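The values are calculated or read from the model by the stated rules, or taken from the named source; none is laboratory data. This is a predicted model, so every value here is computed, not measured. Here Cβ is always computed from backbone atoms with ideal geometry, including for glycine, and neighbour counts include all displayed protein chains. The accessibility values were calculated without ligands, DNA or RNA, using every heavy atom of the protein model including side chains. Shrake-Rupley method; radii C 1.70, N 1.55, O 1.52, S 1.80 Å.
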Amino acid sequence: MTTDKFVEDYLERNIICDLLSGRMSLIHEYGENKYNDGKDEIEQVIRKLLKSGEEPDIIAQKADVPLEKLLKIKERNNLEEE
């Protein structure tokens, strides 16, 4: 790590490493949350399209989602074609 190279004092180095690792954990968690929110938005759009009567294979192409995953979303939400 960079702190090993520039900070000679053992205690200061450990404090800096602890602070940096905490920040990195928060950044990682933020990234995961944003990724999961994006997945939720795609699923909401898929549900709306299924409810509107759009064909699953067309939705899969438009959303760039495997048809199997789309059918699982459909099944999980009890969305039957009308």
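Out of these labelled values of Cα extents along the principal axes in Å, (i) 70, 19, 15; (ii) 46, 31, 15; (iii) 114, 19, 5, which was calculated from the coordinates shown here? It is the value labelled (i).
Take the Cβ atoms of residue 51 and residue 5, set R0 to 41 Å, and the FRET efficiency comes out at 0.10. Computing FRET efficiency as 1/(1 + (r/R0)^6) for residue 18 and residue 71, where r is the C-beta to C-beta distance and R0 is 41 Å, gives about 0.30.
Among rounded, prolate and oblate, which fits the stretch 32-72 when a ≥ b ≥ c are the square roots of the eigenvalues of its C-alpha gyration tensor, a/c under 1.5 means rounded, and a/b larger than b/c means prolate?
prolate
Charges were assigned to the Cβ only: +1 to each Lys and Arg, -1 to each Asp and Glu. The resulting dipole of the chain about its Cα centre is roughly 80 debye. The figure for residue 64 is an accessible area of roughly 130 square angstrom, using a 1.4 Å probe on the protein chains alone.
Taking 12, 68, 32 as the candidate residues, the one with maximal mean-square fluctuation in a Gaussian network model of the chain, Cα springs under 10 Å, is 12.
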